[in-house]
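Here's the structure we're looking at; comments come further down.
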Amino acid sequence: MEMPVFEALNVETLPLRLGQNTTLLQRLGEDWRSWKVREVGDGNLNLVFIVEGSAGSAIVKQALPYVRLVGESWPLPLKRSFFEYHALTRQAARDPGRVPEVFHFDGEQAIIVMEFLSPHIILRRGLIEGNQYPNAARDLGLFLARTLFRGSDFSMKAATRKADVALFADNVELCDITESLVFSDPYFNAPLNRHTAPQLDGLVAALRADRDLKVEAQRLKHLFATKAETLLHGDLHTGSVMVTPAETRVIDPEFAFYGPIAFDVGMLLANFWMNYLAQQGHEQDDNRRDMRRYLLEAIETIWETFRSEFSHLWRTERNGILYQRALFEDQDDSLGAEQALDQVLHDIWQDMLGFAGIEMHRRILGLAHNADFELIEDPDLRARCESKALKLGRHLACNRRHIHSLAEINGLVERLEKEITL
Ligand code: SR1
Ligand code: MG
């Protein structure tokens, strides 16, 4: 049998190509010729279409065989769509209602058809505009705890988890992006790097010459590559979250693979800290004092919710091969289980701070920058904001074993924000 050839969709061909799919016809309406199609993808990798019919709407996401941000010179396999689909199904089971519902998956054409979230917007965009989302931090803390705990050996049957580790181990190329772009490229003059120049040149040179920082970045890469602890989202920044004032949904888990719990937590918190340090570049007549307070509180809420939900799951759903009840609760030693929980959370805390620091560096020094800083037009002002995040990132990565509370970090963040010099 001949293999169907991959073909990228466009707004004209999409109805013709998907108009025979019964699931879609049910969702969107039978008259596929009148579907309205818009391409809205602004991410680094894929095509994303909104399709509206007489009966409803859907998102059609298609992977391209290359990195959209860079072009065909950087090939990237279509199978990332398969991993995204499988991650979405697992996340939906582990934290119901938090990810878009999947309507249809076509592995050969790398297409996922899923729920169109409306009127949701990308959280990063909303935060840049100075909007507050009262439920987002708690929802994200719950998502982290539930997906990361329930995808681990604390909870899963060993055979199921090992099969899943094997399945996601094939997401090699997307892991390679993270391994290079996050953990290594920022710390040397890699070809695709860029930063705000010349303003940041001195600081960038100092960071690249910083032996302690380079060693910490590599220790964190070592952890990322070898600690297959749980099924990660793998790219959980504020651009992977969609919100309304009431609702929070997590999208885009194509980087999913088995790695350290602390990675998703650290990456997410880093993006809140970066948004905080970018606020100065976005405030105009509006004073962003309340917004800054909201962001620091959101960081505390994410972490505290994560801790408390993780602890709850530890006490109620710890049925995997690790820290078995037979050794603790069943021997009337609940205190032992609590002591072990403290140790596990302590390790996550220290590693999460490190991953957060490295994530801040790569968004300012590497290939993939974030809109929080990029949308600040004045390069001097942008560089002032970025330099604060670079310093914070270095502190978190190198001193994480001596940092004991978020209050301590948030105090430092407030002092940094008030600094005037570069
Ligand atoms: C080449 S891909 C660059 C970045 O975009 C994705 O969203 C990930 O964050 C990746 O590191
Ligand atoms: Mg993405």
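The values are calculated or read from the model by the stated rules, or taken from the named source; none is laboratory data. All values reported here derive from a predicted model rather than from experimental measurement. All Cβ positions, even for glycine, are placed from backbone atoms using ideal geometry, and neighbour counts span all protein chains on display.
Some points to look at:
- Being free of Cβ contacts under 8 Å to residues at least 24 places away in the same chain, closer than 30 Å to Gly130 by Cβ and either assigned to a helix (DSSP H, G or I) or charged (D, E, K, R) (or both) holds for only one residue in Leu412, Leu392, and it is Leu412.
- Residue count, the stretch 328-374 (criterion: within 16 Å of ligand 2 (Cβ to nearest atom) and more than 25 Å from the chain's Cα centre (by Cα)): 0
- Among the numbered conditions (1) modelled with pLDDT under 95; (2) in a helix (DSSP H, G or I), the only one that Leu422 does not meet is (2).
- Failed condition for Asp106, given (1) within 16 Å of ligand 1 (Cβ to nearest atom); (2) without any contact (Cβ under 8 Å) to a residue 24 or more places away in the chain: (1)
- Residues that are in a helix (DSSP H, G or I) and within 16 Å of ligand 2 (Cβ to nearest atom) do occur in the stretch 252-266.
- Given (1) more than 30 Å from Leu236 (Cα to Cα); (2) in contact with a strand residue (DSSP E or B) (Cβ under 6 Å, 6 or more places away or on another chain), number of the condition Gly41 does not satisfy: (1)
- So Gly234, is it under 17 Å from Leu144 (Cβ atoms) and of a type outside the set (Lys, Arg): yes
- Only one entry of Leu9, Leu45, Leu76, Leu18 meets the criterion of being modelled with pLDDT under 95 and either within 14 Å of ligand 2 (Cβ to nearest atom) or not charged (D, E, K, R) (or both), and that entry is Leu45.
- Of note, Phe143 does not satisfy the criterion of being surrounded by 14 or more Cβ atoms within 10 Å (Cβ to Cβ), part of a helix (DSSP H, G or I), within 16 Å of ligand 1 (Cβ to nearest atom) and aromatic (Phe, Trp, Tyr).
- Within the stretch 217-234, the presence of a residue that is in contact (Cβ under 8 Å) with a residue 12 or more places away in the chain, of a type in the set (Asp, Glu) and either within 16 Å of ligand 1 (Cβ to nearest atom) or assigned to a helix (DSSP H, G or I) (or both) is excluded.
- Thr305, sole failed condition from (1) over 30 Å from Asp164 (Cα atoms); (2) hydroxyl-bearing (Ser, Thr, Tyr); (3) touching a helix residue (DSSP H, G or I) at 6+ places or on another chain (Cβ under 8 Å): (1)
- In the stretch 235-245, residue nearest to ligand 2 (Cβ to nearest atom) [restricted to those that are over 13 Å from the mean Cα position of the chain (by Cα) and not in a strand (DSSP E or B)]: Thr244
- The set of residues in the stretch 32-73 being part of a strand (DSSP E or B), surrounded by fewer than 14 Cβ atoms within 10 Å (Cβ to Cβ) and within 16 Å of ligand 1 (Cβ to nearest atom) consists of Gly71, Glu72, Ser73.
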